[in-house]
Structures are given as C-alpha cells and as structure tokens.
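Participant: Submitted below is the structure of interest, expressed as structure tokens.
The values are calculated or read from the model by the stated rules, or taken from the named source; none is laboratory data. For clarity, every value in this text was computed on a predicted model and none was experimentally measured. When we count neighbours, we look across all protein chains shown, and the Cβ atoms used for this are built from the backbone with ideal geometry, even at glycine. What goes into the accessible areas is simple: the full protein's heavy atoms, side chains included, and nothing from ligands, DNA or RNA. Shrake-Rupley method; radii C 1.70, N 1.55, O 1.52, S 1.80 Å.
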Amino acid sequence: MQQSRRISTLNGDSSDDGWGLFNLARKRKADGAQIIELTQGEHDIGTDARILQAMNDATRRGVTGYSPVPGMAALRQAVAERLTERTGVATTPDHVQITPGGQAGLFAAHCAACDPGDRALFIDPYYATYPGTLRAVGAVPVAVEARSRDGFQPRGTAIAEKAAGAKSLLINTPNNPTGAVYSPETLAGITGAVRDHDLWLISDEVYDTQVWQGRHLSPRALPDMAERTLVVGSMSKSHAMTGSRLGWVVGPPEVVENLTFLANATTYGVPGFVQEAGLFALSLGTDFEAEIAAPFRRRRETVLRLVEAQNVVRAIPAQGAMYTMLDIRATGLSGEDFGRRLLDEEAIAVMPGESFGHAAAGHVRLALTVGDDLLEDAVARLLRLAAALAG
Ligand code: PLP
C-alpha cells in the first residue's frame with residue numbers, strides 16, 4: 001500500500017534522520033561492545049527518587065484514569081507562575097497546554113501556526129528533530145543559517161531574507177547543539193524580523209535552566225511579542241525527567257484552546273501521575289534545578305581545559321545547555337567521517353555536526369552526559385585521534 005507523502009518524506013531528501021551514527025553505536029552496544037556515549041541529551045543520573053516517589057504516591061491515590069486534556073489545573077497554574085516569575089509576562093493557566101514532552105509541544109505549536117504547504121523558518125544549526133517536525137505538520141522547512149563566526153547568533157537580516165511567504169520562525173535559546181544563548185541584540189533582531197513579516201515565533205526554551213554565560217531571555221517578554229509567541233518548555237532537561245514525557249506550550253488563550261482540541265484528537269492528555277510528579281518536581285524550586293544543571297557547567301570547563309592544551313581541535317565554548325561543539329575541520333574529515341572513525345577506533349560515540357545542519361558541518365557535538373572521569377578520558381582519546389589524523 002502507498003503511504004502518504006507526508007509520512008514517507010519526513011526525513012526530506014536524506015535516508016538518514018541525523019541519528020545514523022547514534023543508532024549504529026546503540027546496535028554495537030546491544031551486541032555487547034563497550035561504548036562511551038556522548039550522543040543524546042540524556043542525564044547520567046536518573047530522575048530524583050523523591051520525584052519518583054511522588055509519581056508512585058499518585059498512582060496509589062488512584063490518579064491512573066484519564067486526566068484533563070489541557071493538563072491538570074494545579075500543574076498549569078505552577079507552569080504559569082514559573083513563566084510569570086522568570087519572564088515578567090503575566091501568565092495564567094489558560095495560557096498553558098500541558099504536552100507529552102517538549103517534542104510534542106513543538107509539533108503542536110507548529111500545527112497552530114502553519115497550514116500544509118506553508119514555509120516554516122528554523123535556524124541552522126538545529127536540533128535534529130526540527131525539519132521532521134515541520135514536515136510532520138505539512139509545512140515546508142526553510143533553514144536560516146546562523147554562522148560560526150557570529151557565535152551562532154542568528155541575524156535579523158538573514159531571517160528577513162527568507163521570510164517572504166513564511167508563517168513561522170522556530171528558535172532555540174539556550175541552543176542545542178551550539179550552546180549559544182541569544183543576546184538581547186540577537187533577540188531584538190529576531191523579533192524585529194518576526195513583527196515586520198507577521199510571523200509566529202515558536203521559542204523552544206527547554207534549556208532555560210542551563211545558562212553558563214549571559215542570561216536566558218524569553219522573546220515572549222519583548223514588546224508586542226506575547227500575542228505572536230508560542231513558548232515550548234519541558235521538564236526533561238531542567239529536572240532530569242526525560243522519560244516522563246512532560247512539557248508545555250505557553251501562548252495566547254485562544255491558541256491554547258485549539259491546542260486542547262488538537263490534544264483531544266492526538267494524545268488525549270498526559271498521564272495524571274506523571275503530571276503529579278512534575279508538579280512535585282517544580283515545587284523543589286530553583287535550587288534543585290541548579291543541582292541538576294551543575295555537572296554540565298563543570299564538565300564544560302573540563303572539555304575547554306583539555307581542548308585549550310592542543311591546537312588541532314577548536315571548541316566553541318557553550319554559553320548554555322548540556323553540550324559542547326568541537327570544530328574538527330583541521331583533521332580533514334567531515335563530522336560524520338570523524339564520528340565514524342572515533343566510534344570504530346576508540347568506541348566513543350558523538351553526534352556529527354552534519355546531523356544538525358549545513359552550518360555545523362565539520363564539527364562534532366559532545367553531550368556532557370557521562371561521569372567526569374569518563375568524559376575526561378573520552379575527550380583525551382578524541383583529541384589524540386584528531387592529532388593523528390591531522391598528521
Ligand atoms: N528541543 C530541544 C532543543 C531539545 O534538545 C530537545 C531534546 O533533546 C527537545 C526540544 C525535546 O525535549 P523533550 O521532548 O524531551 O521535552
């Protein structure tokens with residue numbers, strides 16, 4: 001049977017969705033190989049025992065039936081308060097749709113913004129799921145390059161050049177994979193282009209608690225932006241709850257109302273016991289979030305120290321998020337080929353920059369998601385391989 005064009009072209013022209021090397025590493029691991037994985041944004045600690053206890057308590061209290069499709073009132077309230085406090089924009093529960101993770105939020109937000117065939121802008125380098133997410137809603141993904149020499153801060157003029165006929169722009173700060181935290185000037189350029197071209201701004205802020213330099217600024221707080229911004233958030237990174245699949249979209253109430261109809265037609269809500277656990281996790285406050293973020297700040301320093309001691313590989317110092325990008329072009333290999341050599345020769349898995357777009361070619365992304373000693377060993381071996389290749 002013929003499958004729909006939409007489902008059979010989710011990866012665009014590529015047979016690979018960007019996760020090819022990751023999948024190969026996982027296969028080798030399943031076959032018994034010892035591999036150091038610096039690939040997925042998955043914490044090396046599990047979800048905190050207290051959060052799991054809250055989840056368990058909720059199941060025992062019988063919170064196991066269907067839950068309200070927009071999300072539990074108390075959780076919507078807690079998310080609204082969190083955004084109000086952090087962004088200064090008055091946010092109430094009717095601005096909040098709870099989703100099964102940020103990824104589902106990205107899909108839902110684009111459903112709200114785009115009709116089939118609409119151009120949907122996104123910034124390259126990008127989180128690997130972005131183009132597929134845009135195609136999944138039937139939109140046409142259009143990349144806007146953020147240049148390495150600009151510190152991967154996108155320029156408003158580059159957005160404006162691609163904006164004719166577009167409906168939306170997707171941004172991500174703090175950024176995966178580059179670690180860029182968008183500056184006030186960058187956000188002014190972005191929001192200027194968005195207003196001039198009457199675009200929806202979809203702002204992926206799932207790393208808002210992981211900032212090492214500068215300050216996280218939400219574009220929703222900028223003048224006249226609350227009405228055209230859909231913020232995507234998640235408990236995955238901030239609270240080490242990746243497997244719980246708990247996130248949200250925050251936007252104008254009339255959009256949230258339709259997002260609830262979309263959830264009726266798709267997910268039918270998020271399990272109540274997961275939402276209870278999320279509510280408890282949010283009640284642990286910012287100290288807990290800082291505790292979850294701390295290892296990534298520390299490991300970032302370790303990588304930068306090791307890279308500084310040689311001159312083949314160049315690090316792009318991350319201002320935020322749980323990754324470090326390394327420029328390995330001096331080896332003469334692409335990120336993809338270097339990643340493959342690293343996997344074959346050192347049993348270390350990284351993400352090739354090419355998985356994140358053209359602008360990240362010749363780079364590899366390290367997820368700082370293994371213990372400090374293991375990371376130090378892996379980076380030392382990576383640098384040795386790079387030196388050998390560079391001759
Ligand atoms: N956005 C970005 C930039 C990410 O890196 C991720 C996950 O790695 C997500 C969204 C999705 O996160 P989740 O669906 O786990 O909330």
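Participant: Please count how many residues of segment 193-209 are open to solvent by 20 Å² or more (accessible area, probe 1.4 Å) and free of Cβ contacts under 8 Å to residues at least 60 places away in the same chain.
Facilitator: Going through segment 193-209 one residue at a time, the tally reaches 4.
Participant: Can you give me the number of residues within segment 99-109 that are out of contact with any helix residue (DSSP H, G or I) (no Cβ under 6 Å at 6 or more places or on another chain) and either open to solvent by less than 50 Å² (accessible area, probe 1.4 Å) or assigned to a strand (DSSP E or B) (or both)?
Facilitator: Summing the residues that are out of contact with any helix residue (DSSP H, G or I) (no Cβ under 6 Å at 6 or more places or on another chain) and either open to solvent by less than 50 Å² (accessible area, probe 1.4 Å) or assigned to a strand (DSSP E or B) (or both) in segment 99-109 gives 6.
Participant: Which pairs do you get when a residue that is under 21 Å from E291 (Cα atoms) and in contact (Cβ under 8 Å) with a residue 40 or more places away in the chain, found in segment 210-236, comes within reach of a residue that is away from the ligand (no atom under 16 Å from the Cβ) and part of a loop (DSSP other than H, G, I, E, B), reach meaning Cβ atoms under 8 angstrom, with the pair 6+ apart or on two chains?
Facilitator: Cβ pairs passing all conditions: Q213/P317; G214/S183.
Participant: Within the group T91, T84, which residue is in the same structural domain as P271 (by TED's automatic domain parsing) and either open to solvent by 30 Å² or more (accessible area, probe 1.4 Å) or of a type in the set (D, E) (or both)?
Facilitator: Values: T91 fails: either open to solvent by 30 Å² or more (accessible area, probe 1.4 Å) or of a type in the set (D, E) (or both).
After applying the criteria, what remains is T84.
Participant: Right, something else. I'm checking my understanding of the structure. Among residues of segment 245-257 that are open to solvent by less than 20 Å² (accessible area, probe 1.4 Å) and within 16 Å of the ligand (Cβ to nearest atom), which one is farthest from A193 (Cα to Cα)?
Facilitator: Of everything passing the filter in segment 245-257, L246 is farthest from A193 (Cα to Cα).
Participant: Please enumerate the residues belonging to segment 193-207 that are outside any strand (DSSP E or B) and away from the ligand (no atom under 11 Å from the Cβ).
Facilitator: Answer for segment 193-207, where residues must be outside any strand (DSSP E or B) and away from the ligand (no atom under 11 Å from the Cβ): A193, V194, R195, D196, H197, D198, L199.
Participant: Only one residue in S218, S183, S234 is polar (S, T, N, Q), more than 20 Å from A143 (Cα to Cα) and more than 16 Å from the ligand (Cβ to nearest atom). Which one? Spell out the reasoning first.
Facilitator: On the way: S218 fails: more than 16 Å from the ligand (Cβ to nearest atom); S234 fails: more than 16 Å from the ligand (Cβ to nearest atom).
Matching residue, one of S218, S183, S234: S183.
Participant: Which residues, taken from segment 237-265, are among the aromatic types (F, W, Y) and without any contact (Cβ under 8 Å) to a residue 40 or more places away in the chain?
Facilitator: F261
Participant: How do the strands (runs of 3 or more DSSP E) wholly within segment 119-192 filter down when requiring 1 or more residues that are over 16 Å from L230 (Cβ atoms): which remain?
Facilitator: 119-124, 140-145
Participant: Counting only residues that are touching a helix residue (DSSP H, G or I) at 6+ places or on another chain (Cβ under 6 Å) and under 17 Å from G357 (Cβ atoms), how many does segment 172-201 have?
Facilitator: Residues meeting the conditions: 1.
Participant: Going by the conditions given, is T260 closer than 26 Å to D115 by Cβ, within 16 Å of the ligand (Cβ to nearest atom), at pLDDT 95 or above and in the same structural domain as C114 (by TED's automatic domain parsing)?
Facilitator: No.
Participant: If the requirement is being free of Cβ contacts under 8 Å to residues at least 40 places away in the same chain and under 22 Å from K237 (Cβ atoms), which of these qualifies: T133, T173?
Facilitator: None of the other options fit; the residue is T133.
Participant: Which of (1) more than 30 Å from K162 (Cα to Cα); (2) more than 15 Å from the ligand (Cβ to nearest atom) is the odd one out, the single condition M241 does not satisfy?
Facilitator: Going through the list (1) more than 30 Å from K162 (Cα to Cα); (2) more than 15 Å from the ligand (Cβ to nearest atom), M241 breaks only (2).
Participant: Filter segment 17-36 for residues that are surrounded by fewer than 20 Cβ atoms within 10 Å (Cβ to Cβ) and either in a loop (DSSP other than H, G, I, E, B) or acidic (D, E) (or both) and give the result.
Facilitator: Matches in segment 17-36: D17, W19, D31, G32, A33, Q34, I35.
Participant: Considering each of A163, A113 in turn, give the residue that is closer than 22 Å to D196 by Cα, touching a His at 6+ places or on another chain (Cβ under 6 Å) and of a type outside the set (F, W, Y). Give the steps one after another, and end with the answer.
Facilitator: Numbers: A113 fails: touching a His at 6+ places or on another chain (Cβ under 6 Å).
Sole residue among the options that is closer than 22 Å to D196 by Cα, touching a His at 6+ places or on another chain (Cβ under 6 Å) and of a type outside the set (F, W, Y): A163.
Participant: Would you point out which residue out of G65, G12 is of a type outside the set (D, E), within 23 Å of the chain's Cα centre (by Cα) and loosely packed, with under 14 Cβ neighbours inside 10 Å?
Facilitator: G12
Participant: Here is a check on your reading of the model: is Q53 part of a loop (DSSP other than H, G, I, E, B) and either among the small types (G, A, S) or on the phi < 0 side of the Ramachandran plot (or both)? Give the steps one after another, and end with the answer.
Facilitator: Values: part of a loop (DSSP other than H, G, I, E, B): no; either among the small types (G, A, S) or on the phi < 0 side of the Ramachandran plot (or both): yes.
Taking the combined requirement at face value, the residue does not satisfy it.
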